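Notes to accompany the following structure.
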Amino acid sequence: MSKLDFIRMDSEIFNNSKIQIIENMLGGDTLIVIWLKLLALAGREFPDGVFIMNGKGITGEMFAAILGEFEPTVRMALKTFTTFGMMELRDGVYSITNWKKWQSPKAPF
């Protein structure tokens, strides 16, 4: 899949229980911004939703630099997103869960 000019996002995103829980966490607003930045980043540079650069998984430090956020906050965000099943971490590589399903031309909305 090539670069996406637009990403699909459910207009009910802020009614999603996971997003509501995250929003109410300490620093939750920042975590939601990081989530949206990760979605945009995936669409722009990692259109399969898998964050690999030069054959290696992007680290928390690298995400922080790319997203312009503090590393401890990004690490907390990544942990939160994996805990809630929004992202997966396999063999040191983060990916957006079900990215291809939601970003394909046949997405359910």
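The values are calculated or read from the model by the stated rules, or taken from the named source; none is laboratory data. As the structure is a prediction and not an experimental result, all values here were calculated from the model. With ideal geometry, Cβ positions are generated from the backbone for all residues, glycine too; neighbour counts draw on all protein chains shown.
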Checking Ser95 against (1) at pLDDT 95 or above; (2) closer than 16 Å to Arg8 by Cβ; (3) outside any helix (DSSP H, G or I), the condition it does not meet: (2)
Any pair with Cβ under 9 angstrom, 6 or more apart, that starts in the range 21-38 at a residue that is on the phi > 0 side of the Ramachandran plot and ends at one that is part of a helix (DSSP H, G or I): Gly27/Thr73; Gly27/Met76; Gly27/Ala77
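Go over the candidates Asp5, Asp48 one by one and state the one that is assigned to a loop (DSSP other than H, G, I, E, B), among the charged types (D, E, K, R) and touching a Lys or Arg at 6+ places or on another chain (Cβ under 8 Å).
Checking each option against the conditions leaves just Asp48.
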Considering residues of the range 4-20 that are without any contact (Cβ under 8 Å) to a residue 60 or more places away in the chain and aliphatic (A, V, I, L, M) only, the residue surrounded by the most Cβ atoms within 10 Å (Cβ to Cβ): Ile19
Inter-residue pairs, beta-carbon under 6 Å, first surrounded by 16 or more Cβ atoms within 10 Å (Cβ to Cβ) and in the range 86-104, second among the acidic types (Asp, Glu) and part of a strand (DSSP E or B), 6+ apart: Ser95/Glu88
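Can you pull out the residues in the range 10-41 that are farther than 16 Å from Glu69 by Cβ and either of a type in the set (Ser, Thr, Tyr) or under 12 Å from the mean Cα position of the chain (by Cα) (or both)?
Ser11, Ser17
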Selected residue (only one of Phe81, Phe51 is within 21 Å of Ile21 (Cβ to Cβ), in contact with a Phe, Trp or Tyr (Cβ under 8 Å, 6 or more places away or on another chain) and of a type outside the set (A, V, I, L, M)): Phe81
Phe63 under 24 Å from Lys101 (Cβ atoms), touching a helix residue (DSSP H, G or I) at 6+ places or on another chain (Cβ under 7 Å), aromatic (Phe, Trp, Tyr) and part of a helix (DSSP H, G or I): yes
Residue under evaluation Lys3, criteria (1) under 14 Å from Trp102 (Cβ atoms); (2) touching a helix residue (DSSP H, G or I) at 6+ places or on another chain (Cβ under 7 Å), criterion not met: (1)
The range 21-37, subset of a type outside the set (Val, Ile, Thr) and outside any loop (DSSP other than H, G, I, E, B), residue surrounded by the most Cβ atoms within 10 Å (Cβ to Cβ): Leu31
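Residues are listed down the side, and each one gets a yes or a no for (1) surrounded by fewer than 17 Cβ atoms within 10 Å (Cβ to Cβ); (2) under 19 Å from Ile7 (Cα atoms); (3) over 11 Å from the mean Cα position of the chain (by Cα); (4) β-branched (Val, Ile, Thr):
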position	(1), (2), (3), (4)
Pro47	yes, yes, yes, no
Val50	no, yes, no, yes
Gly55	yes, no, yes, no
Pro72	yes, no, yes, no
Met76	no, no, yes, no
